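These notes concern the structure reproduced below.
The values are calculated or read from the model by the stated rules, or taken from the named source; none is laboratory data. Quick caveat: nothing in here was measured; it's all calculated off a predicted structure. Positions of Cβ are generated from backbone atoms using ideal geometry, with glycine treated the same way; all protein chains shown enter the neighbour counts.
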Amino acid sequence: MKLVFLDRSTLGPETLLRTPTFTHQMQLYDATYPEQIAGRVANADIVITNKVRLSADVIERAPRLRMVAVAATGTDVVDLDACRSRGIAVSNIRNYASHTVPEHTFALIFALRRSITAYRDAVQKGRWQQSGQFCFFDHPIRDLAGSTLGVIGCGVLGTAVANMGRALGMRVLLSDHKGQKSKGDRYTSFEQTLAQSDVLTLHCPLNDRTRAMIGPAEFALMSRRPLLVNTARGGLIDEDAVGAALDIGQISGAAFDVVTTEPPPVMHPFMKLLDRPNFILTPHVAWASAEATQSLADQLIDVVEAFVRGKPMNVVGH
């Protein structure tokens, strides 16, 4: 049984990847570039990937391939239709980030709501000494208690964020899917969530329905000038429209942990916003606490071993 891990370095050097219990040959690659993918998976029975894309063409050229294990929850890097047509099982990792992503989300919310990074930068530049008094008030500071948190995407992570918001005294709105009828009294329409929230946070997958779900038309609905936070997937928000929304005050701040292209090219619109006190970009690390990455690695081997035993787990796309 030949296993190939295409991008082992995405888990970090301190994360331990235990040896599978079945007889196997394991080939680990720190990184795999597009021109290398087909050759590296050609003779593999099981392929492990985090961010390396497995297209229909690559899958077609891997006759022995029986399973793809995605070292993440999102499976948009794999052509699921091509796998389904070949009878190739695709499994993902679930519920490993139930603490780390919500905590990172609120770290970004606190940083924006209380202007933490803006004040830190001002102190570094000598502004405290220039003020001539015990404090200065160059940037806005707002409490979260009593404000409204809009959660778009109410799975495990969105629910955890909602619970944290309630614990902080926030009013929480769980958003309906965009363009769909209400799920019931627990949910608020997508449009009303945009209009009523002081903080908006996204926790939904990227697919044809959610791609660019927030753009200029949606920014125009945000009457309370909310903070906008995305720790889910790049592509959920029209990234070209964020700067304009900040400029004209449709949103009062934005924080992203994800970008459509990672790493973003130097000309990406977000790179032009980095000097702003009300914009934060972190390098897709919301998921990456030491505890969460080890849990992911352990579950990854569990998933592979379960497939080999004939009892696949976490199967998607069927």
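For this structure, a couple of remarks:
- Evaluation of Cys204 against (1) within 25 Å of Val172 (Cα to Cα); (2) in contact with a strand residue (DSSP E or B) (Cβ under 7 Å, 6 or more places away or on another chain); (3) at pLDDT 95 or above (one fails), failing number: (3)
- Flag for Arg127 being basic (Lys, Arg) and out of contact with any Asp or Glu (no Cβ under 8 Å at 6 or more places or on another chain): no
- Pair list, Cβ < 8 Å and 6+ apart or interchain, from the stretch 26-50 residues that are within 15 Å of Ser9 (Cβ to Cβ) to residues that are assigned to a helix (DSSP H, G or I) and basic (Lys, Arg): Gln27/Arg40; Leu28/Arg8; Tyr29/Arg8; Tyr29/Arg40; Asp30/Arg8; Thr32/Arg40
- Restricting attention to the stretch 94-145, the residues that are within 16 Å of Pro277 (Cβ to Cβ), of a type in the set (Lys, Arg) and in contact (Cβ under 8 Å) with a residue 12 or more places away in the chain add up to 3.
- Flag if Ala212 is among the small types (Gly, Ala, Ser), at positive phi and within 16 Å of the chain's Cα centre (by Cα): yes
- Residue match in the stretch 168-176 (condition: in the same structural domain as Leu221 (by TED's automatic domain parsing), at pLDDT below 95 and acidic (Asp, Glu)): yes
- The single condition from (1) surrounded by fewer than 12 Cβ atoms within 10 Å (Cβ to Cβ); (2) touching a residue at least 40 places away in the same chain (Cβ under 8 Å) that Phe5 fails is (1).
- Out of Asp198, Asp208, sole residue that is among the acidic types (Asp, Glu) and either touching a Gly at 6+ places or on another chain (Cβ under 9 Å) or surrounded by 20 or more Cβ atoms within 10 Å (Cβ to Cβ) (or both): Asp198
- Flag if Asp79 is free of Cβ contacts under 8 Å to residues at least 60 places away in the same chain, among the acidic types (Asp, Glu) and closer than 21 Å to Ala44 by Cβ: yes
- Meets criteria (within 24 Å of the chain's Cα centre (by Cα) and surrounded by 15 or more Cβ atoms within 10 Å (Cβ to Cβ)) for His177: yes
- Given (1) touching a residue at least 60 places away in the same chain (Cβ under 8 Å); (2) closer than 26 Å to Arg53 by Cα, index of the condition Val259 fails: (1)
- Between Leu274, Leu300, the distinction of being over 26 Å from Pro140 (Cα atoms) and at pLDDT 95 or above belongs to Leu300 only.
- Scanning the stretch 149-171 for residues that are over 16 Å from the mean Cα position of the chain (by Cα) and surrounded by 19 or more Cβ atoms within 10 Å (Cβ to Cβ) yields a count of 5.
- Condition met for Tyr33 (surrounded by 13 or more Cβ atoms within 10 Å (Cβ to Cβ) and among the aromatic types (Phe, Trp, Tyr)): no
- For the stretch 262-288, the set of residues classified as more than 27 Å from Ile46 (Cα to Cα), crowded, with 17+ Cβ neighbours inside 10 Å, touching a residue at least 24 places away in the same chain (Cβ under 8 Å) and under 15 Å from the mean Cα position of the chain (by Cα) consists of Ile280, Leu281, Ala286, listed by residue number.
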